[in-house]
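Structure first, then comments.
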Amino acid sequence: MTAKAVDDHAHSEQWAETSHCRVSAVRRFGAFTAFELVAPRIAGKAAPGQFVMVTVPGGGFLLRRPLSMFTVHGDRAGLLVEARGAGSERLAGLEVGETVDLAGPLGSAFPTKGVTNALLVGGGIGCAPLQYLADELVTAGANVTAAFGFRDFRAARAAGAFAVERLWVASEDGAVGRRGTVMDVLAELDAPPNTVVYACGPAAMIGAVQRWTLEQGLRGYASLEAHMACGSGSCRGCVVDTTRGKLRVCSEGPVFALDEVRP
């Protein structure tokens, strides 16, 4: 990396004020919890595709957890968390009235200007930012279709948290929706030539969606998943390869043009 590139990256570090937010609503879907928080400062600045760094309450957790913005309604910000480890289990167990600290919104957003037809493709917990995106696109008058893929019944329970009118679901074990992967769903969909594809999920899924999008002659964007420590770009722990070189998911991303991603 050149000295100029290093300087450019240093200037792109981002900092966000931490907000102390109260949980106002909780919905649970197996290992997944969708909770809404009173967060006027964050909700007022957010855009689809951005994320927040969440402090795990209760002590004993050094690092904050990055969570995509799941919904934004007025002064309320919604998050979707999957209970995987001790930290995420504590977050998934939050109840109405508890408080949690959020820093954000952080990262880049999905471009939506001028979009009339959108295809949202998600895998597992990677589907989380697509509800907020769907809401914004529908409000702007776009036609929105979504295709989500899950491993099994446990993972597919997350689909219950979403409210997207045209949503197609696939599970690899056939427990929910179509048996197979999300790519099997895409193979059966007719996408108009002006469709913009938005994808978020595991790297293998992003790669498959990237190839499909190219074959269809469409353009799109991908929100990448990565382990993050700071969320501001300073620790460089979430660097990924792109056609523009090595970039940080937390600051240059998480949203990238689909054709520049190297999954």
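Yes/no per residue for (1) of a type in the set (D, E, K, R); (2) under 16 Å from the mean Cα position of the chain (by Cα); (3) surrounded by fewer than 20 Cβ atoms within 10 Å (Cβ to Cβ):
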{"residue": "VAL100", "(1), (2), (3)": "no, no, no"}
{"residue": "THR112", "(1), (2), (3)": "no, yes, yes"}
{"residue": "PRO129", "(1), (2), (3)": "no, yes, no"}
{"residue": "TYR132", "(1), (2), (3)": "no, yes, no"}
{"residue": "VAL138", "(1), (2), (3)": "no, no, yes"}
{"residue": "ASN143", "(1), (2), (3)": "no, no, yes"}
{"residue": "ALA146", "(1), (2), (3)": "no, yes, no"}
{"residue": "ARG151", "(1), (2), (3)": "yes, no, yes"}
Condition (residue is touching a Pro at 6+ places or on another chain (Cβ under 9 Å) and either surrounded by fewer than 23 Cβ atoms within 10 Å (Cβ to Cβ) or free of Cβ contacts under 8 Å to residues at least 40 places away in the same chain (or both)) applied to segment 168-185: is it met by at least one residue?
no
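Please count how many residues of segment 170-208 are in a strand (DSSP E or B) and under 21 Å from PRO48 (Cβ atoms).
Of the residues in that region, 6 qualify.
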Looking only at segment 158-168, count every residue that is more than 17 Å from the chain's Cα centre (by Cα) and closer than 18 Å to THR181 by Cβ and tell me the total.
1
Does PRO111 meet the test of being outside the structural domain of THR181 (by TED's automatic domain parsing) and on the phi < 0 side of the Ramachandran plot?
yes
Number of positions in segment 148-162 that are assigned to a loop (DSSP other than H, G, I, E, B) and at pLDDT 95 or above:
1
Of (1) part of a loop (DSSP other than H, G, I, E, B); (2) in contact with a Leu (Cβ under 6 Å, 6 or more places away or on another chain); (3) not hydrophobic (A, V, I, L, M, F, W, C), GLU95 satisfies all except one. Which?
(2)
Condition first: modelled with pLDDT of 95 or more and within 19 Å of VAL255 (Cα to Cα). Can you find one or more residues in segment 85-102 that meet it?
no
Among the residues of segment 74-86, what is the count of those that are more than 28 Å from PHE256 (Cα to Cα) and surrounded by 14 or more Cβ atoms within 10 Å (Cβ to Cβ)?
0
With criteria (1) under 22 Å from GLY160 (Cβ atoms); (2) β-branched (Val, Ile, Thr); (3) surrounded by fewer than 20 Cβ atoms within 10 Å (Cβ to Cβ); (4) not assigned by TED's automatic domain parsing to the domain that holds ALA203, THR71 comes up short on (3)
Quick test of your reading of the structure: VAL6 fulfils all but one of (1) of a type in the set (A, V, I, L, M); (2) modelled with pLDDT of 85 or more; (3) out of contact with any Lys or Arg (no Cβ under 8 Å at 6 or more places or on another chain). Name the failing condition by number.
(2)
Would you mind stating whether ARG157 is farther than 25 Å from ARG248 by Cα, among the basic types (Lys, Arg), surrounded by 15 or more Cβ atoms within 10 Å (Cβ to Cβ) and touching a helix residue (DSSP H, G or I) at 6+ places or on another chain (Cβ under 8 Å)?
no
Can THR145 be described as in a strand (DSSP E or B) and polar (S, T, N, Q)?
yes
Answer residue from segment 165-184, given it is of a type in the set (A, V, I, L, M) and at pLDDT 95 or above and is nearest to THR71 (Cα to Cα) among those
LEU167
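Within the bounds of segment 133-154, is there any residue that is in the same structural domain as PHE256 (by TED's automatic domain parsing) and under 23 Å from ARG64 (Cα atoms)?
The answer is no; no qualifying residue exists.
The values are calculated or read from the model by the stated rules, or taken from the named source; none is laboratory data. Values in this document were obtained by computation on a predicted structure and should not be read as measured data. Cβ sites come from the backbone with ideal geometry, for glycine too, and all protein chains shown count toward neighbours.
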